Amino acid sequence: MDEVVLFNPGDSIGNFHDYNEAIQTAQIYRDRHLDSGHVLVVKSQKGEPSFDIFLAEQKLNDTNVKASKKYTVSKEIN
């Protein structure tokens, strides 16, 4: 089962249409920012395929947050 998470789209480190490019960028970011924690590559649930990169600790828990958007976790980079 896919994990659905909420993020504020404005907190995205990057947005990509190519999954492999998103993974590569997330790995580079993680290598350069070891103290940042887990990096997630997530896919938007609506519209054409789009992948964003977020830090795991930026995940929102409150479903009533107006600025949030639902994403499906594609890959977690530790």
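The values are calculated or read from the model by the stated rules, or taken from the named source; none is laboratory data. Owing to the predicted nature of the structure, the values given are computational and were not obtained by experimental measurement. Quick reminder, even Gly has a Cβ in these numbers, built from the backbone with ideal geometry, and neighbours come from all protein chains shown.
Key figures
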item	result
Filter result for GLY47 (modelled with pLDDT under 90 and touching a strand residue (DSSP E or B) at 6+ places or on another chain (Cβ under 8 Å))	no
Strands (runs of 3 or more DSSP E) wholly inside the chain that include at least 1 residues being surrounded by fewer than 16 Cβ atoms within 10 Å (Cβ to Cβ) and either without any contact (Cβ under 8 Å) to a residue 24 or more places away in the chain or in contact with a Leu (Cβ under 7 Å, 6 or more places away or on another chain) (or both)	69-77
